[in-house]
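The values are calculated or read from the model by the stated rules, or taken from the named source; none is laboratory data. Everything quoted here is computed from the prediction, not taken from an experiment. Backbone-built Cβ (ideal geometry, glycine too); neighbour counts: all protein chains shown. SASA here: full protein model, heavy atoms, side chains in, ligands and nucleic acids out. Shrake-Rupley method; radii C 1.70, N 1.55, O 1.52, S 1.80 Å.
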Amino acid sequence: MDLSFILNHLGEDRENYKFAVAPPVFQSSNFTFRSIEHMRRSLEDELDVPFYSRGCNPTVAILRKKIAALEKAEDCLVMSSGSAAVATTVMSQVKSGDHIICVDKPYSWTNKLIEKLLCRFGVEYTFVDGTNIENIAAARQENTRLLYLESPNSLTFELQDLAACAAFAKRYAITSIIDNSYCSPYFQNPIEFGIDLVVHSATKFIAGHSDLVAGVVCGTKQKIRQIFELEYMTLGGIISAHDAALMIRSLRTLPLRMDRVNQSTQIVVSALQKEAKISKLYYPFVEDSSQWALAKSQMRGAPGLFSIELAAQSIKEVESFCERLRYFLPACSWGGHESLYFPMCVLHQSENYSETTLPWNFIRFYVGLEDPELLLQDIRTSLSYLL
Ligand SMILES: *Cc1c(COP(=O)(O)O)cnc(C)c1O
């Protein structure tokens, strides 16, 4: 389906709301009916017919159609956060006694879900280095039911071979899930490689303006309906109609934002590759990376995120470098209009994060919509103060 049509028209039944160009926010918890028969029929299809807004809300329904089409999926559910989408989706695929294979160091709260929460319900897990399919295959047990991927990871950007992972999962009737937040549906569509379910933190690129928190899961009609009927409706992590309307607004400019961020990131990263004061640079699209060919074959872009290890002598020096940055703001998250950085040294002197494995001189950057030359200059100026 044509991208312009998806973003500008798909799902928008304008005749039903006085031909308004922008869809209305259906700020209603419940819906009423012409007759009892009408009510009965509506209740039979709570996923697609407005009955109660925890099930179907018309503003959210428009958004569902667009995101499913963007991910080349049959259907999707939109949720109140990326973590809600991950937890709801993972829980929908496992039961007590099952085993999950998950890539090493997934998003922190995904890690907690698997390691701390699901194990309370008798779900086993193995974390593996997913850069090689053989590691994944070697982790398989008789009771393996789920393969959880994140390609690329959002701090160090390891990739998995999506086609090989999907083929492995299919062979053993294992469900495959991928967190596709890094690429957004604009730059990578894992369903085309045979992955079963795609989740996103829509807080990042899909919403794209740092003004809301949301998540999505995409898959076949059958899988999405299964998730809807049990986990989605019982856990109830729904998005509000207002946030859904903001997301529809955001999608209008998804290609513009993604292309800009992608191009700016390439400019900044290629200039920084020559910097002596950066001891290591992490980015999926650098040619000397062992995963360059794989990245090029699966991803149409590598937008926004890159990381560095700063050639600094102390945490104090890293802090001084960071605090001199003017255009990059210190914050978690990414995918919005504004450039950000997250310095790992924030975790290094905090008791809650004693297991942090990334070094104290590691900094994750996000390139936003600002002028890339200004962003580059900002980093260079800060670097120039380093001894
Ligand atoms: C932010 C993030 C999440 C969690 O999403 P929220 O919207 O913050 O709940 C999951 N996965 C990745 C890769 C993320 O960056």
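Taken over the stretch 82-104, the criterion of being open to solvent by less than 30 Å² (accessible area, probe 1.4 Å) and within 18 Å of the chain's Cα centre (by Cα) is satisfied by G82, A84, A85, V86, A87, T88, T89, V90, C102, V103.
A search for C-beta distances below 9 Å between a residue of the stretch 64-87 that is on the phi > 0 side of the Ramachandran plot and away from the ligand (no atom under 16 Å from the Cβ) and any residue that is open to solvent by less than 20 Å² (accessible area, probe 1.4 Å) and at pLDDT 95 or above, counting only pairs 6+ apart in sequence or on different chains, returns K72/P185; K72/N189; K72/C218.
Here is a check on your reading of the model: is E338 within 16 Å of the ligand (Cβ to nearest atom) and of a type in the set (D, E, K, R)?
Taking the combined requirement at face value, the residue satisfies it.
Going residue by residue through the stretch 146-161, is there one that turns out to be within 15 Å of the ligand (Cβ to nearest atom), among the polar types (S, T, N, Q), at pLDDT 95 or above and not in a loop (DSSP other than H, G, I, E, B)? No, the stretch 146-161 has no match at all. Do the conditions hold for I136, that is, is it touching a residue at least 24 places away in the same chain (Cβ under 8 Å), over 20 Å from K95 (Cβ atoms), outside any loop (DSSP other than H, G, I, E, B) and not basic (K, R)? In short, yes.
Give me the strands (runs of 3 or more DSSP E) completely within the stretch 252-348, filtered to those with at least 3 residues that are open to solvent by less than 10 Å² (accessible area, probe 1.4 Å) and within 23 Å of G82 (Cβ to Cβ), ordered by residue number.
It comes to 305-310.
Can we say T59 is under 25 Å from Q27 (Cβ atoms) and modelled with pLDDT of 95 or more?
On the way: under 25 Å from Q27 (Cβ atoms): yes; modelled with pLDDT of 95 or more: yes.
Taking the combined requirement at face value, the residue satisfies it.
Mind listing just one residue for me: the one in the stretch 375-386 that is in contact with a Lys or Arg (Cβ under 9 Å, 6 or more places away or on another chain) and open to solvent by 70 Å² or more (accessible area, probe 1.4 Å) and, of those, nearest to K277 (Cα to Cα)? Step by step, filter the stretch 375-386, then rank; the result is S384. Among the conditions (1) touching a helix residue (DSSP H, G or I) at 6+ places or on another chain (Cβ under 7 Å); (2) modelled with pLDDT under 95; (3) of a type in the set (A, V, I, L, M), V346 misses just one, which is (1).
The residue of the stretch 133-155 that is nearest to P190 (Cα to Cα), among those that are more than 15 Å from the chain's Cα centre (by Cα) and open to solvent by less than 50 Å² (accessible area, probe 1.4 Å), is L147.
Can A173 be described as assigned to a helix (DSSP H, G or I) and free of Cβ contacts under 8 Å to residues at least 40 places away in the same chain? Write out each step before concluding.
Details: assigned to a helix (DSSP H, G or I): no; free of Cβ contacts under 8 Å to residues at least 40 places away in the same chain: yes.
Considered against the rule, which asks whether it is assigned to a helix (DSSP H, G or I) and free of Cβ contacts under 8 Å to residues at least 40 places away in the same chain, A173 comes out as no.
Being touching a residue at least 40 places away in the same chain (Cβ under 8 Å) and charged (D, E, K, R) narrows it down to one residue among D98, D129; which is it?
Numbers: D129 fails: touching a residue at least 40 places away in the same chain (Cβ under 8 Å).
One residue alone meets the criteria, D98.
Restricting the first member to the stretch 197-214 and to residues that are at positive phi, and the second to residues that are within 9 Å of the ligand (Cβ to nearest atom), the beta-carbon pairs closer than 6 Å and six or more apart or on different chains are G208/G335. In the set K221, K204, only one residue is away from the ligand (no atom under 16 Å from the Cβ), of a type outside the set (A, V, I, L, M, F, W, C) and open to solvent by 10 Å² or more (accessible area, probe 1.4 Å); that residue is K221. Taken as a whole, the condition of being at pLDDT 95 or above, open to solvent by 30 Å² or more (accessible area, probe 1.4 Å) and more than 13 Å from the ligand (Cβ to nearest atom) applies to E124. Residues of the stretch 181-199 being within 16 Å of the ligand (Cβ to nearest atom), out of contact with any Phe, Trp or Tyr (no Cβ under 9 Å at 6 or more places or on another chain) and outside any helix (DSSP H, G or I), which ones? Residues satisfying the conditions are I195, L197, V198, V199.
Residues in the stretch 17-60 that are open to solvent by 40 Å² or more (accessible area, probe 1.4 Å), part of a helix (DSSP H, G or I) and either closer than 29 Å to L256 by Cα or hydrophobic (A, V, I, L, M, F, W, C) (or both): I36, M39, L43. For the stretch 75-106, a residue qualifies if it is touching a Gly at 6+ places or on another chain (Cβ under 8 Å), within 17 Å of S184 (Cα to Cα) and not aliphatic (A, V, I, L, M), and the qualifying residues are D75, C76, S81, G82, S83.
When you check N111 against the structure, is it under 19 Å from S201 (Cα atoms), free of Cβ contacts under 8 Å to residues at least 40 places away in the same chain, surrounded by fewer than 24 Cβ atoms within 10 Å (Cβ to Cβ) and within 14 Å of the ligand (Cβ to nearest atom), yes or no? Don't jump to the end; show me each part of the working.
Numbers: under 19 Å from S201 (Cα atoms): yes; free of Cβ contacts under 8 Å to residues at least 40 places away in the same chain: yes; surrounded by fewer than 24 Cβ atoms within 10 Å (Cβ to Cβ): yes; within 14 Å of the ligand (Cβ to nearest atom): yes.
Yes: the conditions hold for N111.
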